[in-house]
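A short worksheet on the structure shown next.
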Amino acid sequence: MQNLPDHVAIIMDGNGRWAKKQNMPRTYGHKKGVEVLKDTVKSLIKYEITSLTVYAFSTENWKRPPKEVKYLMGLFSQTIEREAAELDEQDIKINIIGRRAELDQKILKKIEKIEKLTEDNDKLILNIAFNYGGRAEIIDVIKKLKADKNLKPEEITQKLVSKYLYNPTISDVEFIIRTGGDKRISNFLLWESAYAELYFTDKYWPEFDEKELNKALKSFAIRQRKFGALTGEADQ
Ligand code: FPP
C-alpha cells in the first residue's frame, strides 16, 4: 500500500466491553488486548511502518477500581519482562513515555531494563504510554523550561518544546486510531498529534485484527494531507 504513515498511534479501547460481551471479567479483555497488540506490531512491520505509540495506562486510569489498576500494573510489568527478549530479537526498540515518579520501583527497573536492552534496535519503534497524560506531559515540559533560568521567552519555540517532551526522539504522530466507538482523544499525545489524521472504529480493541488494521490504513492512504499551510513547518 502506498502513502502509509510512518508513525501510528493507537487508543486501545473497549477491552472491558468486549470481555463483558462474552460473560468474562474485564481483565480477560485486557489480557486479550496484549495478544492483539503483539499481532498489530507484526502487521505494522510487514507494512514497513516505523513507529507505533500505544496508550497502555493513562494518568486518569488510577481512578478505576483498585483491583483493575493492580491488574493493569501487573499485566504491563509481566509483559515487558516476558516479551523483552523476543522484542529485541525482532529488532524492536521500546520507549516508555509517562510520569515515572509515580510508578513502583519494581516496574521502573523493568522499564529501564527493556529500554536499555532494545536501545539500538530500529526496525520498529514501539512507544508505550504508561501513566501518561497529554496535559501532564505539557505541564512537565513547562516545569523543565521554568527550571532553566538562562532561557529567554523568545527562545521558546515549537522545536524547543519538542526537545523537552518525555522522549524528544519520538517523531510527530501522523495517524491516530481509536477503537471502541468513542470519538475523542482522551488526553493522548496532545502536542505530538497536532497534525495527525484521526480514525475511529466501533470495533473493540480485542477485535481489531489485521483486516481492521488494513481498513484503517487504507483510509489514511487516500486522505489528502494539508497541515493547514503548505508544509506544517511553522515554528514560533
Ligand atoms: C481500554 O479498555 C484499555 C486499557 C485501559 C488498557 C489497555 C492495556 C493493554 C491492552 C495492555 C497494555 C500492556 C502493554 C505491555 C502495552 P477499557 O478497559 O477502557 O474498555 P471499556 O471501554 O470497554 O471499559
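Relative contact order for the chain: 30 percent, from Cα pairs under 8 Å spaced at least 6 residues apart, divided by residue count. The residues of the chain present an accessible area of 57 Å² per residue when probed at 1.4 Å with all protein chains retained. Using C-alpha pairs under 8 Å with a sequence gap of at least 6, the mean separation divided by the residue count of the range 71-119 gives a relative contact order of 52 percent. Solvent-accessible surface (1.4 Å probe) assigned to ARG82 amounts to roughly 140 Å².
For the chain, with all protein chains present and a 1.4 Å probe, just round the carbon and sulfur fraction of the accessible area to a whole percent. Each step should come with its number before you reach the end.
Numbers: 6990 of 13370 Å².
Of all accessible area on the chain, carbon and sulfur atoms account for 52 percent.
Note on LYS159: accessible area is roughly 140 Å² with a 1.4 Å probe, heavy atoms of protein only.
For the ranges 33-43, 105-115, 172-182, 8-18, what's the packing order if you count other beta-carbon atoms within 10 Å of each residue, average per peptide, and put the highest first? Mind dumping the intermediate values first?
Numbers: 33-43: 17.4, 105-115: 15.2, 172-182: 20.5, 8-18: 23.0.
Sorting 33-43, 105-115, 172-182, 8-18 by mean packing, highest first, produces 8-18, 172-182, 33-43, 105-115.
The values are calculated or read from the model by the stated rules, or taken from the named source; none is laboratory data. These figures come from a predicted structure and were not determined experimentally. Neighbour counts are summed over all protein chains in view; Cβ atoms, including those assigned to glycine, are modelled from backbone coordinates with ideal geometry. Ligands, DNA and RNA are excluded from the accessible area calculation, which covers all protein heavy atoms including side chains. Shrake-Rupley method; radii C 1.70, N 1.55, O 1.52, S 1.80 Å.
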